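The values are calculated or read from the model by the stated rules, or taken from the named source; none is laboratory data. Values in this document were obtained by computation on a predicted structure and should not be read as measured data. No Cβ is skipped: glycine too gets one built from the backbone with ideal geometry, and neighbour counts run over all protein chains shown.
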Amino acid sequence: MKKALSFLLALAMLLSVAGCGSGGTAPTSGGAGTAQPKSDYPKKTIEMIVPFGAGGGADIAIRLISKYAEKELGQNIVINNITGGSGTIGLTQLSGAKPNGYTLGYFSSTNSNDDLLFQGIKYNVDSFQPIVEISADPHIIVASKKSGIKNMADLIAKAKEKPGELKFGVGGAWTSWDFLKIKLEKQTGISMKRMVFQGGAAAITSVASGDCDVAVPFVSEALPQIQAGNVVPIAITSKDRFDLAPDVPTVKENGIDFTHTMWRGIVAPAGVPDDVAQTLCDAFKRAYDNPEYQAEALKAGMFSEFKAGADFEAFYRENHKTYKEMIDSTNLAQ
């Protein structure tokens with residue numbers, strides 16, 4: 001159903017060999033500018049909009065890659081956390097920014113379909129120019145100690161015992177968390193009560209306190225609470241186990257043929273000049289390839305994956321179609 005919201009609103013390091021453009025030309029889409037003479041970009045600070053709160057998976061991922069990219073660009077990248085509306089407020093501001101390369105933003109799997117999921121959203125798949133993908137992160141299913149849930153069998157049994165009552169926290173409405181919930185419910189025949197939080201950090205904190213029964217944070221969000229013993233890790237939604245949480249089995253190991261990941265990337269407003277997009281792409285690729293960045297990304301729990309240029313452009317479009325089909329088939333857009 002269409003969610004009524006106010007418009008006020010890696011050890012899986014999957015290193016892609018994709019380059020930053022096809023034949024040396026940055027991709028164009030959704031009104032991206034035509035090729036222009038080489039500029040002196042960047043010559044001032046770049047704003048990076050993160051449409052979720054500090055400390056969550058989006059914030060962690062962007063702050064880390066930006067720390068290395070700003071060295072390559074020779075300019076500071078200032079992170080601006082613009083929260084609310086499950087990410088739509090920040091992305092609305094990004095879509096309306098000047099397409100000059102000085103305002104960039106975090107983007108993930110579902111965002112190109114926000115206009116189908118939320119009322120009053122003016123941006124769409126053509127409102128942004130994809131720059132780079134930096135990770136494809138699975139979720140870790142965690143439970144509160146109060147819930148008594150210790151594995152997937154417990155979770156499914158409790159959800160079936162009292163349909164619609166088990167409290168399932170999502171770090172933003174109609175983000176990857178929600179689609180994981182939809183897929184898991186369909187596959188296992190369960191129904192859970194949805195609790196929406198502004199970011200993954202808030203969701204897992206609620207699970208740690210016992211106010212929420214289950215949540216599916218990203219590894220980067222979950223590790224501190226898991227290591228502190230504040231939550232019970234149930235399963236990870238990747239194909240294989242993760243070295244930083246080797247004792248957490250995959251959902252598949254629990255007898256359920258289920259995987260789910262969410263890609264994270266950086267986009268610009270549509271219309272950014274080709275040479276600017278190319279400069280950004282090249283800088284983020286060098287930052288990504290830095291061994292120090294890779295070590296920090298792994299420590300932070302990120303599953304590194306890189307796409308850029310024509311590869312990321314094609315992936316961006318195909319991903320949009322995949323989620324649109326899921327939205328249509330689930331009757332969310334009502």
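Among the residues of region 72-86 satisfying the criterion of being in contact with a strand residue (DSSP E or B) (Cβ under 8 Å, 6 or more places away or on another chain) and assigned to a helix (DSSP H, G or I), which is nearest to residue 120 (Cα to Cα)? I'd like the intermediate steps shown before the answer.
Going through region 72-86, the residues in contact with a strand residue (DSSP E or B) (Cβ under 8 Å, 6 or more places away or on another chain) turn out to be 73, 75-82, 85-86.
Applying the additional criterion that residues be assigned to a helix (DSSP H, G or I) yields 73, 85-86.
Working: 73: 36, 85: 11, 86: 13 Å.
This residue is 85.
Given (1) touching a helix residue (DSSP H, G or I) at 6+ places or on another chain (Cβ under 7 Å); (2) under 12 Å from residue 267 (Cβ atoms); (3) in a helix (DSSP H, G or I); (4) not β-branched (Val, Ile, Thr), identify the lone condition not met by residue 68.
Residue 68 satisfies every listed condition except (2).
For the condition assigned to a loop (DSSP other than H, G, I, E, B) and either assigned by TED's automatic domain parsing to the domain that holds residue 108 or among the aromatic types (Phe, Trp, Tyr) (or both), what is the one hit in 271, 229? Steps first, answer last, please.
Values: 229 fails: either assigned by TED's automatic domain parsing to the domain that holds residue 108 or among the aromatic types (Phe, Trp, Tyr) (or both).
It is 271.
Being of a type in the set (Phe, Trp, Tyr), farther than 25 Å from residue 239 by Cβ and in a helix (DSSP H, G or I): is that true of residue 284 here?
Working: of a type in the set (Phe, Trp, Tyr): yes; farther than 25 Å from residue 239 by Cβ: yes; in a helix (DSSP H, G or I): yes.
Answer is yes for this residue.
Can you tell me how many residues within region 117-164 are in contact with a Phe, Trp or Tyr (Cβ under 9 Å, 6 or more places away or on another chain) and among the acidic types (Asp, Glu)? Outline the logic, then answer.
Taking region 117-164 first, the residues in contact with a Phe, Trp or Tyr (Cβ under 9 Å, 6 or more places away or on another chain) are 117-122, 125, 128, 130-140, 159.
Filter again for among the acidic types (Asp, Glu), leaving 133, 137.
Counting residues in region 117-164 that are in contact with a Phe, Trp or Tyr (Cβ under 9 Å, 6 or more places away or on another chain) and among the acidic types (Asp, Glu) gives 2.
Can you run down the residue pairs with Cβ atoms below 6 Å, 6 or more apart or on separate chains, where the first is in region 141-158 and in the same structural domain as residue 219 (by TED's automatic domain parsing) and the partner is of a type in the set (Asp, Glu) and surrounded by 15 or more Cβ atoms within 10 Å (Cβ to Cβ)?
144/213; 147/213
Of these, 263, 177, which one is of a type in the set (Phe, Trp, Tyr), touching an Asp or Glu at 6+ places or on another chain (Cβ under 9 Å), closer than 30 Å to residue 122 by Cα and not in a loop (DSSP other than H, G, I, E, B)? Break it down stepwise before answering.
Details: 177 fails: touching an Asp or Glu at 6+ places or on another chain (Cβ under 9 Å).
When all the criteria are applied, what remains is 263.
Considering only residues that are closer than 26 Å to residue 302 by Cβ and either outside the structural domain of residue 307 (by TED's automatic domain parsing) or part of a helix (DSSP H, G or I) (or both), which ones fall in region 106-126?
Once the filter is applied, which keeps residues that are closer than 26 Å to residue 302 by Cβ and either outside the structural domain of residue 307 (by TED's automatic domain parsing) or part of a helix (DSSP H, G or I) (or both), region 106-126 yields 111, 112, 113, 114, 117, 125.
Based on what the data block shows, is residue 295 buried (at least 22 other Cβ atoms within 10 Å of the Cβ) and not in a strand (DSSP E or B)? Show your work before the answer.
Working: buried (at least 22 other Cβ atoms within 10 Å of the Cβ): no; not in a strand (DSSP E or B): yes.
No, not satisfied.
Consider region 114-161. How many of its residues are small (Gly, Ala, Ser), under 26 Å from the mean Cα position of the chain (by Cα) and on the phi < 0 side of the Ramachandran plot? Write out each step before concluding.
Within region 114-161, the first condition is being small (Gly, Ala, Ser), and the residues that meet it are 120, 127, 135-136, 143-144, 147-148, 153, 157, 159.
If we keep only those that are under 26 Å from the mean Cα position of the chain (by Cα) too, we end up with 120, 127, 135-136, 143-144.
Now narrow it down to the ones that are on the phi < 0 side of the Ramachandran plot: 127, 135-136, 143-144.
Looking only at that region, the number is 5.
Can you name the condition, by its number, that residue 138 falls short on among (1) within 15 Å of residue 213 (Cβ to Cβ); (2) touching a strand residue (DSSP E or B) at 6+ places or on another chain (Cβ under 7 Å)?
Failing condition for residue 138: (1).
From the list 239, 183, 167, 193, exactly one residue is within 26 Å of residue 297 (Cα to Cα) and surrounded by fewer than 23 Cβ atoms within 10 Å (Cβ to Cβ). Which is it? So that I can check it myself, show each step before the final result.
On the way: 183 fails: within 26 Å of residue 297 (Cα to Cα); 167 fails: within 26 Å of residue 297 (Cα to Cα); 193 fails: within 26 Å of residue 297 (Cα to Cα).
Answer to the check: 239.
If you scan region 48-78, which residues turn out to be surrounded by fewer than 20 Cβ atoms within 10 Å (Cβ to Cβ) and either small (Gly, Ala, Ser) or not assigned by TED's automatic domain parsing to the domain that holds residue 99 (or both)? If you could, list the steps in order and put the result at the bottom.
Start the filter on region 48-78 by keeping residues that are surrounded by fewer than 20 Cβ atoms within 10 Å (Cβ to Cβ), which leaves 54-55, 63, 67, 70-72, 74-76, 78.
Answer for region 48-78, where residues must be surrounded by fewer than 20 Cβ atoms within 10 Å (Cβ to Cβ) and either small (Gly, Ala, Ser) or not assigned by TED's automatic domain parsing to the domain that holds residue 99 (or both): 54, 55, 74.
Between 172, 164, which is assigned by TED's automatic domain parsing to the domain that holds residue 238, farther than 17 Å from residue 258 by Cβ, modelled with pLDDT under 90 and not in a strand (DSSP E or B)? Even if it seems obvious, please write down each step before you answer.
On the way: 164 fails: modelled with pLDDT under 90.
Testing whether each residue is assigned by TED's automatic domain parsing to the domain that holds residue 238, farther than 17 Å from residue 258 by Cβ, modelled with pLDDT under 90 and not in a strand (DSSP E or B) leaves just 172.
Pick from region 54-64 the residues that are more than 18 Å from residue 109 (Cα to Cα) and aliphatic (A, V, I, L, M): which of them is modelled with the highest pLDDT? Walk me through it before giving the result.
Of all residues in region 54-64, those more than 18 Å from residue 109 (Cα to Cα) come to 54-55, 63-64.
Remaining after also requiring aliphatic (A, V, I, L, M): 54, 64.
Details: 54: 91, 64: 97.
The qualifying residue modelled with the highest pLDDT is 64.
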